Every structure is written in structure tokens, then in C-alpha cells.
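To keep things clear, I will list the structure first and then write my remarks on it.
The values are calculated or read from the model by the stated rules, or taken from the named source; none is laboratory data. Here the structure is a predicted model, which is why all the values come from computation and not from measurement. Neighbour counts run over all protein chains shown; Cβ positions are idealised from the backbone, glycine included.
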Amino acid sequence: MNIVFRAKEDAQAEIIFYPVLQDDKAINALLKKLDYENEASIFTRLKREDFKAKSGQFFVIHDEEQSVVLIGRGEEKKFDLESWRVLAGQMANYLKKQQVKSAGLELDYWLNNKKDVKDLAKALAEGFYLANYKFDKFINKKDKISSFDLENLFIYTDKKSKNIFQKAWQEGVLFAQATALARDLVNEPASTMNPQFLADTAIRIAKENKNISVKVLEEAEVKKMGMGAYLGIAKGSVEKPKFIHLIYKPNAKAKDKVALVGKGITFDSGGLNIKPFEGMINMKIDMGGAATVLGVFEVIAKLNPKVEVHGVIAACENMPSGNAVRPGDVLHSMSGQTIEIANTDAEGRVTLADALHYIQQKGVKKIVDLATLTGAVVIGLGPNYAALFASDDKMSKQILDSAKKEGEPLWPLPLAKEYKDFNESKIADIRNIPNTRGGGTITAALFLKHFVADDVAWAHIDIAGPVYAEKDFNSYTPAGGVGFGVRTLLDWLSKM
Ligand code: BES
Ligand code: ZN
Ligand code: ZN
């Protein structure tokens, strides 16, 4: 698809979109400006169809050579950056049904003298491309309208904004691409999406980007390094564990070092504490944190942030077998701390303990981990929100700001001091499940905190809810893998 930026609209597009606010005067003024011969009948239709330009409402005027589509933006005071993303998704979804080759988007009259052209353009591109995402490789009878097939998208901006718009749009395309990779990885069944698949993806990314290098540590090496926690979880599966370490280095001297650690359980059966049907059906998504990290790395070199970024994934599968870790076993983590395994289904935190320790040993003092860690967070925050824990207020604020800007619902929870003893074990240094009921998302975060030094700025994002959409979240997030966190992290890294 070619994106053609024009300062003035022309007759080339088969469909042309006009975003309009929920405001009768604005709608009337626009229709007058479009100057239709049969204006009266259009105003009659407007009334009959009760078009008020509510968010998501469409009004279509068909003409011989060009259809005009007014898309409702809703009320101005409720219309934010995320609304532009949603609007672009609605536009894309409309195009899927029409199957035209060219479309135009009239923005000239919105952009005039606007300060946030850059953010707006980027959000539009994200919504537009992400709405077109599909995962239908296993469906023989493909649904023709599951994606649009445009040759040209014309975007009409005012002269002043054109260049800024174009550059920001391209950045939005990168953000969407990164998100799409994470979605693909989450959607792929666990039979192929095994630790090797994650490692191969990382290797491919490193090959394609000269600023990115990768090391994949095999079982024997990881054993020598003392990662008994991670290997304890991995040993129940015939899939070999792969410990993945990606490094992005900027061209100029790095301003800082940051690590992104992703939970990479390629399938979580629960292990010997096996999950029931409803709990297991979707557990291919348990590598969602790893998918987000790989999504970020897919485009990071093109965005060129000024910091060195490490990506760490302790990939393995959690399976029951004669070799599997048992409830009551004690594992020796790389940090030296012993872990009592009381429930083999609380496996993610155990693998993360070694991943977090490993990257601190490399001298990284800023760490964000992403993990589909607890079912409890879905109970607490529902399907759309991820939970944020942070040991550092500044980092917490930055990440929340980025999430807001990128339209990824994120909500802070406390690293409650009051609960610090809840993970106490009688036979080891720590227990992998709490000895209390309630607050399961917090106690899981507190478990991780045991493996993070006090002088490290650390954030933990529990993405168990929004990693996967049971049904469409919004116009640009169809059911399936969401790619949650990719855009938030890319925005956060770009600002460092
Ligand atoms: N991978 C799950 C958490 C999960 C649940 C992710 C639902 C996505 C959707 C995790 O490993 C797990 O099983 N956690 C247990 C912990 C419990 C045994 C303390 C849980 O949440 O039930
Ligand atoms: Zn589990
Ligand atoms: Zn899990």
C-alpha cells in the first residue's frame, strides 16, 4: 500500500473519509462546503438516519466517482489521542467491507495550527495498520473481508503539517509492525511456538539489525551458571529450555542501560498441579511477556533510542511428567536463594527469579519485566488492564504516561510492605505461593522483588489480562493476541 501525502484533496480516491465532531453546526458546515447539488435530500437523509457524529457512527454519500464517508468522532471534550487510534481502526474496518483500491483521509481542516500533529499522525497509523491485522493461517476458507487491500491511501494534510505528519506516520507503522509480531507469537499454537521458536525469532531479529546481537544459552550452559530455579521448571518437558539474551546498542555512546525481561513459558499446563480445562485452554499465551520483548526488538534499531537495551527470556515449557518438579521440592536459584515449590503452577515467577538475577549480574540497574503471571490480576482488573508495580516512582510515572499515550490500559498496584512475609517458607528461603488467600497479584510481585537488589529501579507488569482478547477489545484490537506493552515500552525507550 502506498501512502500518498497531499496538501490538497483530489478526485483520485474512490472513498474519502471526513472525521467530524458531534456538533450539528460542524456537520452542516462541512456538508455545505462539500457543495452537493441535491443538498436538501442529503440533509433529509441526515435527519432520517439520525446521524449525530457519535463515535463510530458513519454517514455515507455515494457519488458516481467518489463516495464521501463522514465518521463520527463523538464529543470534542472526550476525544483524545486514543480516539484517533480507534477512529483509524473504524476506517480500516469500513474499508475491509468495501474492498476498494484507493481511499483518502481528509485532515486538512483538523490539522491547521494543531500542536500535536505528530502524536495524532502516529496514532492514526497505529490504529489503521493494527485493525488490518489477522491471524488466519490455519483457516482454509479465508474470510475475504478480514483485511483491506488498498493500493493507495491518500492523506490530505495542510502544507505546514505535511512533513511532520509523514515522519510520525512512519513511526506509527513501526509501532504497529512491532505489535503485530507480538500478536503473531501469542497466536501461534504451542506445538510450534516452543522455546526454539522464540530463540529462532530472536536470532532472526539480530541477523536483520546490525545494532542488535543475541546469545542463546543452552541447557548445559545455564546449568553451569546455576539457574536451578529456571531449569527446575523446564525439566518436566521434552522441549529443551532456551535462555535468550538480546542486546541493542545505539550508534553513539549509550546514555543508560535498560533490560526488558519477558516471561517465556511456551505452554503452561500447570505441571503436576495440572490446570483444569478452562484454565488450560488458552495457556499457549503464557509467553506473552517474551512476545512483547521480541516485538520491541523487531523495530528498536529503526527507532534508534539512545540507551542500550537488553532483552532477556528464560524460555521453557511447564509440563507434568516423570521428570517434572514436584510440590514440596526445593530449587536452588542462581541468586543462591532456595525456593520451595508448593504449587507447580506458580512457575513463571520461579523462571523469572533466575532471569532477573542474571541480568543484574550483567550490571543493569533499570529493569522492566512483563509476565502473564497471575490469574488474580484478571479477577482484580478485568480483561483489559495490566497491573504495574514499580520500586521507583519516576520510572512508574514514565511508564504510566507512555501507556496512556499508547492506549494501553495500565493501573498501578502496591509492592505492599505489609505483605512481605506472605511468601515465607518453613523449609527454604522463600515459597513460590503465598500462605494466605487474597492479593495474589501483589504476592507474586513481592516474590519477584526478592530477586531484585534494592539499588535497582525495577518495574513489573502483570499482563495476564490484556495479553489476549477473548473478543475484540476495540476497533484495532481484534480477538486473539494483543501485543500488549510493545507500544508502551517503545514510547518509554524513545524518550530516554
Ligand atoms: N500463567 C498463569 C497465570 C495466568 C492465568 C495467565 C490466566 C493468563 C491467564 C500462572 O502461571 C499461574 O498459573 N498462576 C497461578 C498461581 C497460583 C498457583 C498461585 C494462578 O494465577 O492461578
Ligand atoms: Zn502456571
Ligand atoms: Zn504461567
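Looking only at segment 453-495, which residues are of a type in the set (A, V, I, L, M) and in contact with a Pro (Cβ under 6 Å, 6 or more places away or on another chain)?
Result: Val482, Leu493.
Restricting to segment 281-295, count the residues that are over 14 Å from Ala202 (Cα atoms), of a type outside the set (Val, Ile, Thr) and away from ligand 3 (no atom under 12 Å from the Cβ).
Number of matching residues: 0.
Working only within segment 94-107, note down all residues that are part of a helix (DSSP H, G or I) and surrounded by fewer than 21 Cβ atoms within 10 Å (Cβ to Cβ).
The answer is Tyr94, Lys96, Lys97, Gln98.
For segment 67-93, what are the residues that are in a loop (DSSP other than H, G, I, E, B) and either touching a Leu at 6+ places or on another chain (Cβ under 7 Å) or not hydrophobic (A, V, I, L, M, F, W, C) (or both)?
Arg73, Gly74, Glu75, Asp80
Tell me yes or no: at least one residue of segment 290-311 is within 16 Å of ligand 2 (Cβ to nearest atom), small (Gly, Ala, Ser) and either without any contact (Cβ under 8 Å) to a residue 60 or more places away in the chain or under 24 Å from Asn423 (Cα atoms) (or both).
Scanning segment 290-311, I find no residue that is within 16 Å of ligand 2 (Cβ to nearest atom), small (Gly, Ala, Ser) and either without any contact (Cβ under 8 Å) to a residue 60 or more places away in the chain or under 24 Å from Asn423 (Cα atoms) (or both), so the answer is no.
Take the residues in segment 466-496 that are more than 14 Å from Val299 (Cα to Cα) and among the β-branched types (Val, Ile, Thr), then tell me which one is surrounded by the fewest Cβ atoms within 10 Å (Cβ to Cβ).
Thr477
Examine segment 324-337 for a residue that is among the acidic types (Asp, Glu), within 15 Å of ligand 3 (Cβ to nearest atom) and either in contact with a Gly (Cβ under 9 Å, 6 or more places away or on another chain) or within 24 Å of Ile244 (Cβ to Cβ) (or both), and state whether such a residue exists. Don't jump to the end; show me each part of the working.
Let us first name the residues in segment 324-337 that are among the acidic types (Asp, Glu), namely 329.
Next cut, within 15 Å of ligand 3 (Cβ to nearest atom) only: none.
Looking through segment 324-337, none of the residues is among the acidic types (Asp, Glu), within 15 Å of ligand 3 (Cβ to nearest atom) and either in contact with a Gly (Cβ under 9 Å, 6 or more places away or on another chain) or within 24 Å of Ile244 (Cβ to Cβ) (or both).
Look at segment 188-198 and say how many of its residues are surrounded by fewer than 22 Cβ atoms within 10 Å (Cβ to Cβ) and assigned to a helix (DSSP H, G or I).
The total comes to 2.
Only one of Val368, Val364 is β-branched (Val, Ile, Thr), out of contact with any Leu (no Cβ under 8 Å at 6 or more places or on another chain) and in contact (Cβ under 8 Å) with a residue 60 or more places away in the chain; which?
Being β-branched (Val, Ile, Thr), out of contact with any Leu (no Cβ under 8 Å at 6 or more places or on another chain) and in contact (Cβ under 8 Å) with a residue 60 or more places away in the chain holds for just one of Val368, Val364, which is Val364.
Mind checking which residues of segment 341-368 are within 16 Å of ligand 2 (Cβ to nearest atom) and not hydrophobic (A, V, I, L, M, F, W, C)?
Asn343, Thr344, Asp345, Glu347, Gly348, Arg349, Thr351 - these are the residues of segment 341-368 that are within 16 Å of ligand 2 (Cβ to nearest atom) and not hydrophobic (A, V, I, L, M, F, W, C).
Among the candidates Glu218, Glu208, Glu239, Glu278, single out the residue that is within 23 Å of the chain's Cα centre (by Cα) and among the acidic types (Asp, Glu).
One residue alone meets the criteria, Glu208.
Can you tell me which of (1) surrounded by 19 or more Cβ atoms within 10 Å (Cβ to Cβ); (2) more than 23 Å from the chain's Cα centre (by Cα) is the one Ala168 doesn't meet?
Of everything listed in (1) surrounded by 19 or more Cβ atoms within 10 Å (Cβ to Cβ); (2) more than 23 Å from the chain's Cα centre (by Cα), Ala168 misses just condition (2).
Could you check segment 386-496 for helices (runs of 4 or more DSSP H) lying wholly inside it with 3 or more residues that are at pLDDT 95 or above, within 16 Å of ligand 2 (Cβ to nearest atom) and more than 13 Å from the chain's Cα centre (by Cα)?
Those helices (runs of 4 or more DSSP H) span 440-449.
Just to verify a result, which residue in segment 414-441, among those that are in contact (Cβ under 8 Å) with a residue 40 or more places away in the chain and closer than 18 Å to Leu373 by Cα, is surrounded by the most Cβ atoms within 10 Å (Cβ to Cβ)?
Asn432
Tally the residues that are outside any loop (DSSP other than H, G, I, E, B) and touching a residue at least 12 places away in the same chain (Cβ under 8 Å), restricting the search to segment 141-166.
12
Since Gly348 meets every condition but one in (1) within 21 Å of Met227 (Cβ to Cβ); (2) within 16 Å of ligand 3 (Cβ to nearest atom); (3) touching a Ser or Thr at 6+ places or on another chain (Cβ under 6 Å), which condition does it not meet?
Result: Gly348 fails condition (3) only.
Run down Trp84, Trp110 and say which single residue is surrounded by 18 or more Cβ atoms within 10 Å (Cβ to Cβ) and over 19 Å from Phe148 (Cβ atoms).
Step by step, each of Trp84, Trp110 is checked, and only Trp110 is surrounded by 18 or more Cβ atoms within 10 Å (Cβ to Cβ) and over 19 Å from Phe148 (Cβ atoms).
Starting from residues that are away from ligand 1 (no atom under 16 Å from the Cβ) and of a type in the set (Val, Ile, Thr), keep the ones in segment 366-422 and report whichever is farthest from Val456 (Cα to Cα).
Per the stated criteria, the residue is Ile399.
Need the failing condition index for Lys25 against (1) under 29 Å from Glu126 (Cβ atoms); (2) surrounded by fewer than 16 Cβ atoms within 10 Å (Cβ to Cβ); (3) free of Cβ contacts under 8 Å to residues at least 24 places away in the same chain, just the number.
Unmet for Lys25, out of (1) under 29 Å from Glu126 (Cβ atoms); (2) surrounded by fewer than 16 Cβ atoms within 10 Å (Cβ to Cβ); (3) free of Cβ contacts under 8 Å to residues at least 24 places away in the same chain: (1).
Tell me, which residue of segment 357-375 that is outside any loop (DSSP other than H, G, I, E, B) and away from ligand 3 (no atom under 16 Å from the Cβ) is surrounded by the fewest Cβ atoms within 10 Å (Cβ to Cβ)?
If we take residues in segment 357-375 being outside any loop (DSSP other than H, G, I, E, B) and away from ligand 3 (no atom under 16 Å from the Cβ), then Gln361 is surrounded by the fewest Cβ atoms within 10 Å (Cβ to Cβ).
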